[in-house]
Amino acid sequence: MDAVAPMDGGRGSVGIAAMSKNRGVLVKVNAFVDAGIADLVSVLSKIDGLVTLESQGGAGDRDASVTFRYGDWWQCGEFLFEQILPRMPADLRAGVSLKLQAHGTDAVEARITMEQSAVPEFAACVRHVLGQSGATGVLPFEGRRRTA
């Protein structure tokens, strides 16, 4: 089954898709991104269901960052905090920020921010996680959804 995503990126705006009543289908596309963050965006794009919303490579004193959506709170949180964080060396952890942010009750965005010089090492951490998942890009979550 195809993953269906709102054509507006889930931000609540009404666009062409809403007017034409066509459903949005998630596809991988080629896009120009800042050279300083391209390696990380490329690695993240291999993950089934992960949608990059914005990225910046950082310049001067600005940090590099990627904002994306990946499933619900649990799936995105497990990816960041149970898959990536444990594989980050201590010195890299000090310079990387991993955040989840709510947009309404059912939408979550993740943001990874770091010094531009940390991008290659962080991308290697993501590659390591993907290497454990096989060729499909579906991540092997160790944690399980908790029930109330």
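Some notes on this structure:
- In the stretch 100-112, the residues that are surrounded by fewer than 18 Cβ atoms within 10 Å (Cβ to Cβ) and either farther than 21 Å from residue 54 by Cβ or modelled with pLDDT of 95 or more (or both): 105, 111
- Residue within the stretch 82-98 that is surrounded by 17 or more Cβ atoms within 10 Å (Cβ to Cβ) and among the charged types (D, E, K, R) present: no
- All conditions but one from (1) among the hydrophobic types (A, V, I, L, M, F, W, C); (2) at pLDDT below 90; (3) exposed (fewer than 15 other Cβ atoms within 10 Å of the Cβ); (4) not in a loop (DSSP other than H, G, I, E, B) apply to residue 130; the one that does not is (3).
- Matching entry among 35, 64, 31 (being more than 16 Å from residue 109 (Cβ to Cβ) and surrounded by 15 or more Cβ atoms within 10 Å (Cβ to Cβ)): 64
Here is a yes/no grid of residues against (1) in contact (Cβ under 8 Å) with a residue 24 or more places away in the chain; (2) under 16 Å from residue 43 (Cβ atoms):
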residue: 84; (1), (2): yes, yes
residue: 88; (1), (2): yes, yes
residue: 93; (1), (2): no, no
residue: 98; (1), (2): no, yes
residue: 109; (1), (2): yes, no
residue: 115; (1), (2): yes, no
residue: 128; (1), (2): yes, yes
residue: 131; (1), (2): no, yes
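- If the condition is being part of a helix (DSSP H, G or I) and either outside the structural domain of residue 125 (by TED's automatic domain parsing) or not acidic (Asp, Glu) (or both), then the stretch 77-99 contributes 77, 79, 80, 81, 83, 84, 85, 86, 87, 90, 92, 93.
The values are calculated or read from the model by the stated rules, or taken from the named source; none is laboratory data. Small disclaimer: the values here were computed from a predicted structure and weren't measured. Neighbour counts are summed over all protein chains in view; Cβ atoms, including those assigned to glycine, are modelled from backbone coordinates with ideal geometry.
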